[in-house]
Structure formats: structure tokens, C-alpha cells
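Structure provided below as C-alpha cells; questions to follow.
The values are calculated or read from the model by the stated rules, or taken from the named source; none is laboratory data. This structure is a prediction, so every number in the text was calculated from the model and none was measured. Cβ: placed from backbone, ideal geometry, glycine included. Neighbour counts: every protein chain shown.
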Amino acid sequence: MRELHGTTAVVTGGGSGIGMGIALGLADAGVQVVVADIELASAQRVAEQIRSGGGRALALHVDATDRASLDRLVASATHEYGEVNVLSNNVGVAHDSPLSELTDRDWSWFLDFGFLSIVRTVDAFLPELRDHPGQAHIVNTASMAGLVTLPFSSEMPRHIGAYTTTKHAVVAYTEMLRGELQPAGIGVSVLCPGMVQSNLSATSARNRPDRYGGKLPEPRSTPPAGRGEVMSARQVGPIVVAGIRAGRLHILTHPELRSAVERRQQQLLEDFDFFAALRATAGQAP
Ligand SMILES: NC(=O)c1ccc[n+]([C@@H]2O[C@H](COP(=O)([O-])OP(=O)(O)OC[C@H]3O[C@@H](n4cnc5c(N)ncnc54)[C@H](O)[C@@H]3O)[C@@H](O)[C@H]2O)c1
């Protein structure tokens, strides 16, 4: 069981939603938290909430799509707190669009924010984390959409193909990273939440850089779509803390969604059975 009290965490995307919930949860566990976000005012609100509850926190601006900005974050966090032990990556984008309508530029936006921002942030922090074997831990936020695929339907009335693609990449990257960093004493987990209250559609729209087409109109607020309970962001924090302490590979907020993973596995196994039967039949051919 990993002891977190007295350690330092950096939480990217910490100004809102799941990142905010994780920042607050870590602070409750006695961790000093650097709340890093492209929207500095949101990060400052979260850091202030932690400080007013008796914790230690600092808000910093970061753009996780920019390596130089991330390097400045590493320098500021280590200067302020001496070391960084926990890294929680929460940057992502969501946008409702069928796969067949996405341009190269749309894909670059999704991949840059939804996948490469995590890889880039891990790369920037790894030298610092390597200095703390046994205490260092990385949590990358993917989604249940990284474990299953949910095509457009009445159950999922949004086109989440590109989102799902990046989340599967985050899950695979994180599972592989865990094996690679285990000898260095760095724990690695992937957080796969179901639906959580957040501002993802709005922050995605207003933070789209000019290189990917610029800001989008703020989407009208729609109720979260999908399966399972819609959890508050605050509820996610203690689950992530428990997952880090126990060194779990997958941190799961919605155990009731287990059946969706079982169904996907079942489909895969049925395809194995089909081709096993085909091979057996071919073997009997005269
Ligand atoms: N809300 C859900 O139901 C849900 C479910 C599963 C997974 N997730 C994932 O959780 C993560 C957090 O999303 P959320 O739903 O809490 O949304 P959110 O919009 O509330 O939080 C995302 C935060 O990231 C910040 N951000 C955006 N671009 C950034 C950048 N380039 N650099 C630094 N910060 C940046 C935003 O300003 C915002 O504060 C995402 O990866 C999302 O895909 C969300």
C-alpha cells in the first residue's frame, strides 16, 4: 500500500471536472497539489478551495499540447515543493461528429489533446519521477470508452468514434507504460470513468487552438449521455486515491458497467470460436 500523505502531486486539467475531483481527493489525503490548467482562473479556484480546507496547493498555467509549457510546469512544481511524486493527466477533448465527417485537422486535434498531451506530459515529468522510486505514480485518465466501443444508438445518442479511438490509445499506452516503468519503481494506472459531471464539451470548444480551426461555439449544455450513474467529480477523487494506494492498473468508477466489458470480450471470443471452427473444418477437407 503506497503512502500518499506528505507527497506532491501535479494534476493537469485540474481546474474542472474529473481533474478537479482528483486534486481535491488528493488534498484530502494529505497530498500537496499543483493544480495545472490551460484556464488559470479555474485552477486558481480549485487551489483556493484546497487551501481554505487547510491543504497546500498552487495553481499554475499549462498547455499540455506544448512541451515548453510542460517543462516550465515541471520546473515551477519542483521549485515550489522540492519534488513531484504523483502525476495525474486529465486533458482531453470531446466533440460530437461521425467518423466519416472528420478531417485530417479534426483528427490531429483529437489526437493532440486526447492522446499526445498525455504522452508529452509523462515524458516531461519522467526524469523527476524517476528520482522517487517506490513513491512515484502516474494516473492517466482514459474513459470507459477506452475499454468498450459504443456506436451511435438510443443508448449513446452522440458520435464518439474519435473520442473512443483516442481513449483506447490511452489505455494501451498506459498498460504498456506500466510494464516499462515497473523496474524503475514507478506505479502506473489508467482511470476509466463512466459518466461524470464536468464541462468537457464547453472546455473543448473554447480551447481549440487556431491550428485546429479555432474556438467553436460553446455547445448548449446537454445532459450526459451513456450508461450508468452520472457521478459528481468530487466522488472520483477518493476512488483515484484508493486506486493509487493499492497500485491498481485500471481505476474504475462505475463497477455497474462491468457487463459492457464482458459483452465486448464475449464478441471477441465468439470470433475466435468462428475461426477455430473454420480451421477445424478446413483440416477435415479431403
Ligand atoms: N466527464 C465524463 O463523463 C468523462 C468520462 C470519462 C472520461 N473523461 C475524461 O476525463 C478527462 C477530464 O475531462 P472532464 O470531463 O473532467 O472535462 P472538463 O472540461 O471539466 O475538464 C478538463 C480540463 O482540462 C483543461 N484543459 C483543456 N485543454 C488543456 C490543455 N491543452 N492543457 C491543460 N489543460 C487543458 C480544461 O480547461 C479543463 O479544466 C478527459 O480526458 C475526459 O475525456 C470524462
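Looking only at the range 151-175, count how many residues are more than 10 Å from the ligand (Cβ to nearest atom), assigned to a helix (DSSP H, G or I) and either polar (S, T, N, Q) or under 16 Å from residue 89 (Cα atoms) (or both).
9
State whether the residues of the range 217-231 include one that is free of Cβ contacts under 8 Å to residues at least 24 places away in the same chain, among the basic types (Lys, Arg) and within 15 Å of the ligand (Cβ to nearest atom).
No, every residue in the range 217-231 fails to be free of Cβ contacts under 8 Å to residues at least 24 places away in the same chain, among the basic types (Lys, Arg) and within 15 Å of the ligand (Cβ to nearest atom).
I would also like to ask the following. For the range 1-34, name all the residues that are within 16 Å of the ligand (Cβ to nearest atom) and of a type in the set (A, V, I, L, M, F, W, C). Steps first, answer last, please.
So the first thing to find is which residues in the range 1-34 are within 16 Å of the ligand (Cβ to nearest atom), and the list is 9-26, 33-34.
9, 10, 11, 18, 20, 22, 23, 24, 26, 33, 34, listed by residue number.
A follow-up question, please. Identify, from the list 30, 14, 92, 21, the residue that is more than 19 Å from residue 125 (Cα to Cα), assigned by TED's automatic domain parsing to the domain that holds residue 219 and assigned to a loop (DSSP other than H, G, I, E, B).
On the way: 14 fails: more than 19 Å from residue 125 (Cα to Cα); 92 fails: more than 19 Å from residue 125 (Cα to Cα); 21 fails: assigned to a loop (DSSP other than H, G, I, E, B).
Only one candidate qualifies: 30.
Same structure again: Please work out which one of (1) within 20 Å of residue 101 (Cα to Cα); (2) in contact with a Leu (Cβ under 9 Å, 6 or more places away or on another chain); (3) small (Gly, Ala, Ser) is the condition residue 184 fails and give its number.
Condition not satisfied by residue 184: (1).
Another one. Tell me, which residue of the range 151-185 that is of a type in the set (A, V, I, L, M, F, W, C), surrounded by fewer than 15 Cβ atoms within 10 Å (Cβ to Cβ) and touching a Gly at 6+ places or on another chain (Cβ under 9 Å) is modelled with the lowest pLDDT?
152
Regarding the range 131-142, can at least one residue be identified that is modelled with pLDDT of 95 or more, in contact with a Phe, Trp or Tyr (Cβ under 7 Å, 6 or more places away or on another chain) and within 11 Å of the ligand (Cβ to nearest atom)?
no
Moving on. Looking at the structure I just gave you, is residue 138 buried (at least 24 other Cβ atoms within 10 Å of the Cβ), assigned to a helix (DSSP H, G or I) and either of a type outside the set (S, T, N, Q) or assigned by TED's automatic domain parsing to the domain that holds residue 220 (or both)? Walk me through how you get there before you give the answer.
Values: buried (at least 24 other Cβ atoms within 10 Å of the Cβ): yes; assigned to a helix (DSSP H, G or I): no; either of a type outside the set (S, T, N, Q) or assigned by TED's automatic domain parsing to the domain that holds residue 220 (or both): yes.
Answer is no for this residue.
Something else now. Out of 77, 64, which single residue is part of a loop (DSSP other than H, G, I, E, B) and under 17 Å from residue 34 (Cβ atoms)?
Details: 77 fails: part of a loop (DSSP other than H, G, I, E, B).
Just a single option satisfies the conditions, and that option is 64.
Can you tell me which residue in the range 60-72 is farthest from residue 9 (Cα to Cα), limited to those that are surrounded by fewer than 24 Cβ atoms within 10 Å (Cβ to Cβ) and of a type in the set (A, V, I, L, M)?
68
Answer with yes or no whether residue 148 is within 14 Å of the ligand (Cβ to nearest atom) and either assigned to a loop (DSSP other than H, G, I, E, B) or at pLDDT below 95 (or both).
Taking the combined requirement at face value, the residue satisfies it.
A quick yes/no check of all residues on (1) in the same structural domain as residue 138 (by TED's automatic domain parsing); (2) closer than 23 Å to residue 144 by Cα; (3) part of a loop (DSSP other than H, G, I, E, B); (4) polar (S, T, N, Q):
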{"site": "190", "(1), (2), (3), (4)": "yes, yes, no, no"}
{"site": "201", "(1), (2), (3), (4)": "yes, yes, no, yes"}
{"site": "214", "(1), (2), (3), (4)": "yes, no, yes, no"}
{"site": "235", "(1), (2), (3), (4)": "yes, yes, no, yes"}
{"site": "263", "(1), (2), (3), (4)": "no, yes, no, no"}
{"site": "270", "(1), (2), (3), (4)": "no, yes, no, no"}
{"site": "281", "(1), (2), (3), (4)": "no, no, no, yes"}
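While we're on this one: Do you know which residues across the range 189-212 are within 12 Å of the chain's Cα centre (by Cα) and more than 8 Å from the ligand (Cβ to nearest atom)?
189, 190
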